[in-house]
Amino acid sequence: MRFAPRRHREEEEAESAFVSMTDMTISFLFILMILLAFFASRYNDTDTVSRPVYDTVVQERDNARAEIARLEAEVTRLQQENRDQATRIAELEKEIAELRRQLAKKDPLEVYNAEAVRSRTAIVDALAKAVKADILREKIEGLDVSAQGDALRFQGAGLFASGQGGLSGQSLRIIRLLGDHLARQLPCFSTGPSGKVDLSCNPDLVLIETVQVEGHTDADASQAYNLQLSMTRALSAFNEIAPDSARDDHPPMLGFENLLDQPVLALAGYGEMRPITDNDTLQGKAANRRIDLRFIMYVPPGKDLIPHRVEDIERISAELKLRGGEP
């Protein structure tokens, strides 16, 4: 019986410990409730969004992501195109280099003559454009001008009447204006007092040998008569292009010379021998009654007579004179 108080004390101590643990648990729960109450008091409905707004934001985000993906794909495509273009440019540069090598191997005479043809075409085209503008401005009917390879052609019922040898009226005015345009074209491609060859306007140093004013007729009358008539027509045009008295607005036309110191302007009559259409109709006959202004370029008789500098022209001229103008 003497152990009973001890057991009783142990039971009391265990009960006391249990009570203390219970108190602590209740205290913890109480604190937790206080914290929940605090956070609940801080909660604000304005911190949330409605479902439609949320869906809109999500859709915008998805759209932005899709646009980013599209732009990235476009960048990739453009980068590929740039690589392809760079490859193509490199290929073209190789082709150009090869063509230049081939050109360097070509006969210098062929190259020079090709450039002469190109320059002649440019001159004829420029004259045709200028004279067409004159015809339009002067309101001239029945007169046509066209570029025909190496020649500038004037034709139409308004140029010459049947059997008429001289220019008259408005056609006379147009041929006179042609002389003005020609005076602006010839200096850079001819020598002599009126010529002035310059690399700025003639980089290949091509030269004009002759500008031939050619007269033509229809097939009416005899061949001998038509030859004489065509010469009269050529002379009529020649006198308007290169009048005897020099004009103040351009240099003397006969001052434009070739490498043999001859005036580049010349004239010829071909009668009915070079028709451009049949003579069976009035329209065909009017077309054949015409004036051609034909450009003949200098063709070097040898590689040593190709001008490479402006200074070469004087030497080449002297050499050609020694040869008597023969190739």
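Could you tell me whether the chain comes out rounded, prolate or oblate from its Cα gyration tensor? Rule is a ≥ b ≥ c as square roots of the eigenvalues, rounded for a/c under 1.5, then prolate if a/b exceeds b/c, otherwise oblate. It comes out prolate by the Cα gyration axes. The DSSP beta bridges internal to the chain are antiparallel in roughly 80% of cases. Structure note, pairs Lys105/Lys303; Lys105/Lys321; Lys106/Lys129: Cα-Cα distances above 23 angstrom occur for Lys105/Lys321; Lys106/Lys129. Exposed loop sites here are chymotrypsin sites (Phe, Trp or Tyr not before Pro) assigned a DSSP state other than H, G, I, E or B and surrounded by at most 11 other beta carbons within 10 Å; excluding them, the longest clear run of the chain is 44-327. Using alpha-carbon pairs under 8 Å, 6+ residues apart, how would you state the relative contact order of the chain in percent? Worked out over the chain, it gives 18 percent.
Estimated from the Cβ-Cβ distance and a Förster radius of 41 angstrom, the FRET efficiency linking Leu109 and Thr277 is about 0.70. Between Glu93 and Leu322, the modelled label-to-label distance comes to 4.7 nm, taking each label 7 Å out from Cα in the direction of the beta carbon. Overall shape: oblate for the stretch 66-154, with the ratio a/c of the largest to smallest alpha carbon gyration tensor axis at 1.5 or above and b/c at least equal to a/b. Per residue, the chain reaches -19500 deg cm²/dmol at 222 nm when only DSSP H runs of four or more residues are counted, each adding -39500 (n - 2.57).
Think of each Lys and Arg Cβ as +1 and each Asp and Glu Cβ as -1; about the Cα centre, that makes the dipole of the chain roughly 300 debye. Once you reduce the stretch 149-212 and the stretch 271-327 to the center of their Cα atoms, the two points are 13 Å from each other. Within the stretch 199-295, the trypsin sites (Lys or Arg not before Pro) that combine a DSSP coil assignment with at most 13 other C-beta atoms in a 10 angstrom radius are Arg247.
Throughout, read-outs are computed from the coordinates displayed, never taken from laboratory work. Just so you know, these numbers come straight off a predicted model, no measurement behind them. Heads up, the Cβs are rebuilt from the backbone with ideal geometry, glycines too, and the neighbour counts pull from every protein chain shown.
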